[in-house]
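Working notes, beginning with the structure itself.
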Amino acid sequence: MSTPRVYVIHENPEWFPPLAAAFEAEGVPIEEILLTEGQIDLGAEPEPGVYWSRMSASSHTRGHEHSKEYTRAVLGWLERAGRQVVGGSHVLELEVSKVAQHGLLQQAGFDVPRTTAVFGTTTLKQAARTFTDGQDVPFITKHNQGGKGLGVRRFDSLAEFDAYVDSPEFEAPVDGITLLQEFLTAREPFITRLEFVGGEFVYAVRVDTSAGSFELCPADACEVPQIIAGAVCDVPGTETAGAPPAFSVRTEVTATHPLVQQLRTFLADQRITIAGVEFMETTDGRTVVYDINTNTNYNPAVEESAPASGPRSIARYLGGLLDAAPGTGTAATAPAGALAHV
């Protein structure tokens with residue numbers, strides 16, 4: 001006999017303490033499924049409960065090169081058994097592909113950065129020439145399977161890019177797909193991240209970029225020394241003295257903001273209930289949406305001043321799903337141990 005609970009599928013324990021505290025505060029029972037090792041009894045039924053996947057596209061940077069494949073296997077097993085999965089297989093595939101994100105956002109009518117996806121390295125230099133029409137104009141690179149600013153670099157000339165591609169410093173993407181993307185100039189030195197839980201808007205985060213950083217992860221565990229190889233955006237004359245905090249609440253962006261409403265509909269259409277979506281307001285009047293984070297983290301300083309708590313909102317949302325899930329009452333009889341993990 002197993003007690004129904006929320007099972008949290010992930011690979012990075014350093015990101016989990018704020019979420020664990022939120023679940024405890026809300027009285028929601030949880031169990032972590034740490035997909036760095038383990039096994040599935042494919043002949044058994046999954047235990048009753050609600051399963052929340054927050055597998056990260058950057059898991060390979062922490063030595064967990066195969067965790068995304070493990071998650072694909074586990075989510076397929078859960079979904080075939082009819083278990084309720086938040087952040088299921090379709091969400092995982094979006095998390096690990098900026099190409100997929102770009103395509104869906106563009107199809108839905110959002111302004112997205114002009115982007116070319118390059119497969120392998122043989123044609124990278126020629127692709128950059130095609131992308132820039134052979135001109136020495138700024139552009140950036142990204143890794144398709146990213147997170148944490150992986151592979152994001154600014155280049156101001158084709159010669160600079162050629163030298164990088166041929167150098168030992170070249171950072172190969174884990175899936176072999178490099179994105180060439182237009183260089184955007186921000187109206188002010190920040191980007192904005194919109195947080196959604198249960199399909200509803202929670203708050204907007206102002207992420208300062210005045211130092212030229214492209215490490216935009218808000219979690220405490222992401223605070224690492226920066227090696228700045230280029231900026232995501234360019235703000236002439238930006239000064240570091242008296243700079244605002246790296247992360248703060250944008251109180252003027254509320255649930256009634258047109259972009260928030262448009263993204264709320266988009267996420268519902270894509271069956272994504274927990275996400276952070278990033279956008280930039282540019283000097284030429286564009287509002288460009290460029291990233292969907294389906295394993296969103298929350299910044300402690302923002303949480304202190306935000307109108308609602310991100311982790312607590314997640315705990316309440318998943319707790320509500322657990323209460324309503326079939327087979328989560330006292331009569332649940334699924335065998336324990338069908339999914340073993342460490």
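The values are calculated or read from the model by the stated rules, or taken from the named source; none is laboratory data. A quick note: this is a predicted structure, and the numbers were derived from the prediction, not measured. Please note: Cβ atoms are built from the backbone with ideal geometry, for glycine as well, and neighbour counts cover all protein chains shown. Side chains are part of the model used for accessible areas, which takes the heavy atoms of the whole protein and leaves out ligands, DNA and RNA. Shrake-Rupley method; radii C 1.70, N 1.55, O 1.52, S 1.80 Å.
Below are the figures for this structure:
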{"item": "Filter result (modelled with pLDDT of 95 or more and surrounded by fewer than 13 Cβ atoms within 10 Å (Cβ to Cβ)) within region 1-27", "result": "E24, G27"}
{"item": "Long-range neighbours under 7 Å by Cβ, at least six apart or interchain, first residue in contact (Cβ under 8 Å) with a residue 60 or more places away in the chain and assigned to a strand (DSSP E or B) within region 148-160, second β-branched (V, I, T) and open to solvent by less than 60 Å² (accessible area, probe 1.4 Å)", "result": "R153/I140; R153/T141; R154/I140"}
{"item": "Single unsatisfied condition, G103 versus (1) part of a helix (DSSP H, G or I); (2) touching a Leu at 6+ places or on another chain (Cβ under 9 Å); (3) among the small types (G, A, S)", "result": "(2)"}
{"item": "Lone qualifier among I40, I30 - being at pLDDT below 95 and open to solvent by 10 Å² or more (accessible area, probe 1.4 Å)", "result": "I40"}
{"item": "Given (1) polar (S, T, N, Q); (2) at pLDDT 95 or above; (3) buried (at least 19 other Cβ atoms within 10 Å of the Cβ), number of the condition Q135 does not satisfy", "result": "(3)"}
{"item": "Of all residues in region 6-44 being of a type in the set (D, E) and out of contact with any helix residue (DSSP H, G or I) (no Cβ under 6 Å at 6 or more places or on another chain), the one that is farthest from E65 (Cα to Cα)", "result": "E24"}
{"item": "Subset of region 81-100 (residues that are open to solvent by 30 Å² or more (accessible area, probe 1.4 Å) and in a helix (DSSP H, G or I))", "result": "S89, H90, E93, K98, V99, A100"}
{"item": "Test: T141 is touching a residue at least 60 places away in the same chain (Cβ under 8 Å) and either farther than 15 Å from E278 by Cβ or in contact with a strand residue (DSSP E or B) (Cβ under 7 Å, 6 or more places away or on another chain) (or both)", "result": "no"}
{"item": "Near pairs, Cβ below 7 angstrom, 6+ apart or cross-chain, from region 45-57 (in contact (Cβ under 8 Å) with a residue 24 or more places away in the chain) to any residue that is among the acidic types (D, E)", "result": "M55/E11; M55/E95; S56/E11; A57/E95"}
{"item": "Which numbered condition A246 misses (of (1) modelled with pLDDT under 95; (2) farther than 15 Å from T192 by Cβ; (3) among the aliphatic types (A, V, I, L, M))", "result": "(2)"}
{"item": "The lone exception for G151 - which of (1) in contact with a helix residue (DSSP H, G or I) (Cβ under 9 Å, 6 or more places away or on another chain); (2) of a type in the set (G, A, S); (3) within 12 Å of K98 (Cβ to Cβ) it fails", "result": "(1)"}
{"item": "Search result, residues across region 106-132 that are in a helix (DSSP H, G or I) and either open to solvent by less than 50 Å² (accessible area, probe 1.4 Å) or among the hydroxyl-bearing types (S, T, Y) (or both)", "result": "L124, A127, A128, T130, F131"}
{"item": "Test result for P189, closer than 30 Å to A306 by Cα and open to solvent by 10 Å² or more (accessible area, probe 1.4 Å)", "result": "yes"}
{"item": "Count of region 161-203 residues which are part of a strand (DSSP E or B), within 23 Å of T61 (Cβ to Cβ), touching a helix residue (DSSP H, G or I) at 6+ places or on another chain (Cβ under 9 Å) and among the hydrophobic types (A, V, I, L, M, F, W, C)", "result": "3"}
{"item": "Output for region 60-80, where each listed residue is within 23 Å of G320 (Cβ to Cβ) and open to solvent by 30 Å² or more (accessible area, probe 1.4 Å)", "result": "E79"}
{"item": "Output for region 17-44, where each listed residue is in contact (Cβ under 8 Å) with a residue 40 or more places away in the chain, of a type in the set (A, V, I, L, M) and in a helix (DSSP H, G or I)", "result": "L19, A21, A22, A25"}
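So that you can scan it fast, the table gives a plain yes or no per residue for (1) open to solvent by less than 70 Å² (accessible area, probe 1.4 Å); (2) in a helix (DSSP H, G or I); (3) touching a helix residue (DSSP H, G or I) at 6+ places or on another chain (Cβ under 6 Å); (4) not acidic (D, E):
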position	(1), (2), (3), (4)
A255	yes, no, no, yes
L267	yes, yes, no, yes
I272	yes, no, yes, yes
E278	yes, no, no, no
E281	yes, no, no, no
G285	yes, no, no, yes
Y290	yes, no, no, yes
E303	yes, yes, no, no
